[in-house]
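What follows is a short report on a single structure.
The values are calculated or read from the model by the stated rules, or taken from the named source; none is laboratory data. Fair warning: this is a prediction, and the values are worked out from it, not measured in the lab. With ideal geometry, Cβ positions are generated from the backbone for all residues, glycine too; neighbour counts draw on all protein chains shown. SASA here: full protein model, heavy atoms, side chains in, ligands and nucleic acids out. Shrake-Rupley method; radii C 1.70, N 1.55, O 1.52, S 1.80 Å.
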Amino acid sequence: MTKMTRFLMSASAAMALAAPAMAQDHSFRFQSSDPSGNPNFVLQQGWAADVAEKSGGRIAIDLLPVESIVAHNETQDAIATGILDGHVTDLSYFSGRDPAFGLMGNPVGAWSDPEQMLDFVENGGGAELLNQIMNPYGLQFIGATTPGLEALVSAVPLDGVDDLAGVKIRAPEGLVQSVFAAAGASPVNLPGSEVFTSLDKKVIDAADYSVFSTNQAQGLNEVAPHPVYPGFHSMPLVEISMNKEKWDALPEDLQHVMTQSVRDFARVQVAALAEADAAAVAEAEAGGTITVHDWSDEERTKFRGIAMGEWEKVAGQSPAAQQVYDALTAYLTEKDLVQ
């Protein structure tokens, strides 16, 4: 039985036990940035049920899929005004409000492992910094999770930074494009719906898309059989936050329940999706259809060094972004993750 299966069985049991108990002390409505049925959303539903179980039924969270109440990038305002109580969402969606959210939400090249990011948030000052930035907007940051490190889809062999020279790579606008450009690649702006066709027709050589299991399920590795896995570039920080006044009204023991539940959930999500990735890699390799390229620590560090030059440019765009930059670089230096 997988960790994901055990978690969902426990979550189902918790929901069944909580259903008859209508007199919860606190009832909250959260919106996710994932659609109903998406593996991440299913896991998030398990988190909501886990909160009910850990709180003895005193907290009930109604978790809604993306766009149920407001657009995916409008949830911060909806939480501040009380339309929603909280969200589970990609922090970088709010980079238009302050570039600090984008830099913290996906500092391209920063992380080689989900645990590095989670440790920065939980023990390296990231959570405190996020609340310093979010509290003025009426939000309380509870904790972070992530779907994991994205694989890089590639039709050409890529074994290090030098191999990126001239590679036409699909990448989102903003920091991701600027980092790849600084590394010598030629970024192309394309919607996700056009990635498969563009790779198949050789319009592009590579693509920043998703985690390995998703790439494999959508057939991308069939037309681009040189994936870089584990990836080296992108790992989104998914925040779980709520209305600050409602957070402050919670008793201290229930605040602890919420914080601990997110920490537990992050490990469950990372393990479940890593398990799915490993199974997809094994299946693809068994079929002899792909060649996996795993960058060395030296090459990952080299790419991170290039990325930091682009982070510094973002840091100059707002005082909060400068704080994020300083905290990130201090943590990476302390952990010997930069040259």
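Values computed for the structure shown
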quantity	calculated
Identity of the residue in region 92-122, at pLDDT below 95 and polar (S, T, N, Q), that ends up nearest to Lys302 (Cα to Cα)	Ser112
Residues (open to solvent by 50 Å² or more (accessible area, probe 1.4 Å), closer than 18 Å to Phe232 by Cα and either out of contact with any Asp or Glu (no Cβ under 9 Å at 6 or more places or on another chain) or of a type outside the set (S, T, N, Q) (or both)) located in region 279-314	Asp294, Asp297, Glu298, Lys302
Filter pass, Asn73 being in contact with a Gly (Cβ under 8 Å, 6 or more places away or on another chain) and open to solvent by 10 Å² or more (accessible area, probe 1.4 Å)	yes
Which numbered condition Met235 misses (of (1) over 30 Å from Ile79 (Cα atoms); (2) in a loop (DSSP other than H, G, I, E, B); (3) open to solvent by less than 40 Å² (accessible area, probe 1.4 Å))	(1)
Pairs, first assigned to a strand (DSSP E or B) in region 195-213, second among the charged types (D, E, K, R) and crowded, with 24+ Cβ neighbours inside 10 Å, C-beta under 6 Å, six or more apart	Ala207/Arg170
Breaking point among (1) within 18 Å of Gln260 (Cα to Cα); (2) open to solvent by 20 Å² or more (accessible area, probe 1.4 Å), for Ile59	(2)
Pick from region 196-224, criterion modelled with pLDDT of 95 or more and β-branched (Val, Ile, Thr), ranking: surrounded by the most Cβ atoms within 10 Å (Cβ to Cβ)	Ile204
Test set (1) under 17 Å from Leu220 (Cβ atoms); (2) open to solvent by 20 Å² or more (accessible area, probe 1.4 Å); (3) more than 21 Å from the chain's Cα centre (by Cα); (4) not polar (S, T, N, Q) - Ala276 fails condition number	(3)
Where a residue in region 261-273 is within 13 Å of Pro236 (Cβ to Cβ) and its partner, wherever it lies, is of a type in the set (Ser, Thr, Tyr), with Cβ under 6 Å and at least six apart	Ala266/Thr145; Gln269/Thr145
Matching residues in region 290-322 - criterion: being part of a loop (DSSP other than H, G, I, E, B) and either closer than 30 Å to Ile133 by Cβ or not small (Gly, Ala, Ser) (or both)	Ile290, Thr291, Val292, Asp294, Trp295, Gly316, Gln317, Ser318
Matching residues in region 316-335 - criterion: being in contact with a Gly (Cβ under 6 Å, 6 or more places away or on another chain) and either of a type in the set (A, V, I, L, M, F, W, C) or open to solvent by 70 Å² or more (accessible area, probe 1.4 Å) (or both)	Ala327
Count of residues meeting criterion [among the small types (Gly, Ala, Ser) and surrounded by fewer than 23 Cβ atoms within 10 Å (Cβ to Cβ)] in region 144-165	3
